[in-house]
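Presented below is the structure to which this report refers.
Quick note: the coordinates plus some simple rules give every number you see, no bench work behind them. Owing to the predicted nature of the structure, the values given are computational and were not obtained by experimental measurement. Note: ideal-geometry Cβ built from the backbone for every residue, glycine included; neighbour counts use all protein chains shown.
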Amino acid sequence: MFRSKLFWIFMILSVVFCVYNIYDDANMPAEFRQSGQIYGYVFEAALYFYILVYIFAAAVLDSLFISREHADGTIRNKVISGHPRASVYMTELIVCSVTGLIMFIVNLAIISLPFLKFGIHGMDGWVTMRRIILIAVLIIVINAMFVLFSMLIPSRASSVVWSIVFIIIMLVSSGLIQDKLDNDSHSRILRESGEYYEHSKILGDTERKVYKALNYILPTNQVIHTYDIDDFLADYKDISEIPQKKLNIYLAGLCLLDAVTFVLVTAAGITIFRKKDLK
Amino acid sequence: MIKLLRAEFARCFTGKLFWLVVLFNVVLALSFNVLTYATTKSEDFSKIFTDKTLYIGLISMGLTAAVFVSFHAGSEFDEGTIRNKLIAGNTKTGIYLCDLAVCSAALIIIQYLYFFIAYAFSYILFGALHHSFSVMMQLQLIGALGTIAVTAFMLMITMIVRSRTIAVTVCMIASIVFFIACIAIINELEEHSMELLDAGPEIISAEKYAVLDKYSYVYGVDSENLFGTELAVKEFFYDSLLQSQALRFSDERSLPYHWEFMVIYNIAITLVTTLIGAVTFRRLDLK
């Protein structure tokens, strides 16, 4: 992977993206500049945009990298030389995830650089830690999904297309779910305060539970919620009343949920890959 | 050339690709209306406006065109059929124009198919639409020109990179980037026109203010934050990108203000990209 041109192209692109984020900050109006508080916000927004862009980058990178092995026949050679199929699959998965994590760490280092100048005060360390941990976990889960697609679709072009279409469909459906939930909670607040609200926008109890569950399970929903992670973890109750420890436990639960998704996706991938004919 | 055209159309309509894309669009057209129908809890369905679903086909046309064009035209390079065509006596320009004609015809068919299915379903299930049918047909006609422009753009990329995989990657990323850019530009220009509305008649003349009041946007007026070349460039993209056009179709009640410019830009993009693509394609060596 590290010798491939592809990896370096993506590395450079993501570095350029991060530098642009910082540059954008430098162009902010003068009264905001030089303040660590404001850079804290920029840092958090940069993390959020990074994961949003990364899921598309991962779709392209994974499917191009793995499908090249399909096209060159390297995967068949590995199987012939006695490696079990499960370990061939796992190696690809580990390589792709580690690449994603390395790219993330490099970019994290770059966007942290301005802290040397502005100082770290004004930033809530715990929130940032939670955000970084969740992003790292999401990178692994998302890689697991794309490796599944790329290992099962031998054609290079098709695997790129399916990966990108899949992630777009996931993001759109996450957006729709989020929209439904937002309308619901907004109308509920209006109803409680006795103002006018639209009855059709309030969801039934079971319906609401299903949407909420999907909101927590789908990785793309978590991607969207890296922005307001604390509210998301606390289920939109008042954060100031909830101790940090409890939020950390919620985060651990979310990571566990991601781990289950990861295991399910990988198990499905290995099972199908075992039965697949390699040309 | 006519023989080549006939063969290309036959390849397009007998291949799996065209029908897969058709299937995708049909599912897309059905799903939004059916989803809205299933999740809305209201007794009176005739009051729910579903105009937005009519133009999702156009919004996703960038992606559809990226996949369709790069698979249809790009696989010719991988399979070597393009060399066979040259040996059979066709000119490079002829091959390029044939591909353009076939891809745009197929995509326009898909666009209208999406529209009619979405229209039929929103009419049957809900029955409330802002636009009259004639306005919708005019909008679809502008959209068809936009589809040709997008096809020409994607074909240019495919013919220059000459590989199916790279073409599909570059085209899909381009269409995603354009989509995000469209949303950003539309938001920014909406803010710009809100700023003008707040500033009132001191900055802009009375007749321009009337236009702004009526259409909620007026061209070529500087505000404090957005002015000069930056404004002109943003207004150009506001009118010329297909996704931005489609997003604006669904927002407005009648023909969008400046629709003539949309038509002109669509035709201009088609001509310019075809010219660049054909010239580069003629210069490049084929393996």
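Here are the numbers:
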{"read-out": "Region A:134-155 versus region A:251-279: alpha-carbon centroid distance in Å", "value": "9"}
{"read-out": "Which listed pairs, of A:5/A:78; A:78/A:275; A:180/A:212; A:180/A:209; A:275/B:16; A:180/A:245, have C-alpha distances above 19 Å, in listed order", "value": "A:5/A:78; A:275/B:16; A:180/A:245"}
{"read-out": "Region B:236-287: C-alpha gyration tensor shape, a/c 1.5 cut-off, then a/b vs b/c", "value": "prolate"}
{"read-out": "Residue-averaged beta-carbon neighbours from other chains (10 angstrom radius) around B:172-179", "value": "3"}
{"read-out": "Highest average packing first - B:242-252, A:8-18, Cβ atoms within 10 Å", "value": "B:242-252, A:8-18"}
{"read-out": "For chain B: rounded, prolate or oblate by the Cα gyration tensor [a/c cutoff 1.5]", "value": "oblate"}
{"read-out": "Shielding by other protein chains, A:164-176, mean Cβ within 10 Å", "value": "2"}
{"read-out": "Furthest towards positive pole of dipole, A:189, A:54, A:149, structure part the protein assembly as shown, Cβ charges", "value": "A:149"}
{"read-out": "Size of electric dipole in region B:114-202: Cβ of Lys, Arg +1 and of Asp, Glu -1, about Cα centre, debye, nearest 20", "value": "860"}
{"read-out": "Dipole magnitude of region B:232-281, debye to nearest 20 (Cβ charges: Lys/Arg +1, Asp/Glu -1, about Cα centre)", "value": "80"}
{"read-out": "Shape of the protein assembly as shown, Cα gyration tensor, a/c cut at 1.5", "value": "rounded"}
{"read-out": "FRET efficiency, 1/(1 + (r/R0)^6) with R0 35 Å, evaluated for residue A:49 and residue A:208 via beta carbons", "value": "0.70"}
{"read-out": "Part-to-part distance (alpha-carbon centres) for region B:151-169 and region B:104-133, which is given in Å", "value": "29"}
{"read-out": "From phi via Karplus (6.51, -1.76, 1.60), per-residue ³J(HN,Hα) for region A:88-102 in Hz, x at Gly/Pro", "value": "4, 4, 5, 4, 4, 4, 5, 4, 5, 5, 5, 4, x, 5, 4"}
{"read-out": "Label-point gap, in nm, between residue A:80 and residue A:272 - each point 7 angstrom along Cα→Cβ", "value": "2.6"}
{"read-out": "Dipole of region B:212-287, positive direction: furthest Cα of B:255, B:280, B:220, with charges on the beta-carbon", "value": "B:280"}
{"read-out": "Helix-only CD estimate at 222 nm, as mean residue ellipticity for chain B, using -39500 (n - 2.57) per DSSP H run (n ≥ 4)", "value": "-27000 deg cm²/dmol"}
{"read-out": "For A:152-161, mean number of other protein chain Cβ atoms within 10 Å", "value": "5"}
{"read-out": "Placed amide H near residue B:90: partners under 5 Å, 5+ positions off or other chain", "value": "none"}
